[in-house]
Amino acid sequence: MNRDTERKIGSTIYERLNAIPMSPADRDAAIGAMQDAEAIVDAFAWLKTKLEHLAHSVFLKPSIKH
């Protein structure tokens, strides 16, 4: 288990996953799914930030008023 991911998501979720009786393969699949979901959310957050920066640089340029 990646410690950076565990700290980022929160150890409570991992504690609950470890407390649930399931096979090691199922546990690995669940942790993998959580990491995939986190990567998708991070990508959307990154894209949102980039689009905001793009919108500010393209649409809010100062113009010369006559």
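The values are calculated or read from the model by the stated rules, or taken from the named source; none is laboratory data. Predicted model only: the values in this text are computed from it and were never measured. Cβ atoms come from the backbone with ideal geometry, glycine included; neighbour counts cover every protein chain shown.
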Selection status of residue 28, within 12 Å of the chain's Cα centre (by Cα) and modelled with pLDDT of 90 or more:
no
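Search segment 9-62 for residues being of a type outside the set (A, V, I, L, M) and in contact (Cβ under 8 Å) with a residue 12 or more places away in the chain, and hand back the single one that is surrounded by the fewest Cβ atoms within 10 Å (Cβ to Cβ).
Step one: filter segment 9-62 for residues of a type outside the set (A, V, I, L, M), giving 10-12, 14-16, 18, 21, 23-24, 26-28, 32, 35-36, 38, 42, 44, 46, 48-50, 52-53, 56-57, 59, 61-62.
Subsequent filtering for residues that are in contact (Cβ under 8 Å) with a residue 12 or more places away in the chain retains 14, 35, 38.
On the way: 14: 17, 35: 16, 38: 13.
Residue satisfying both the conditions and the ranking: 38.
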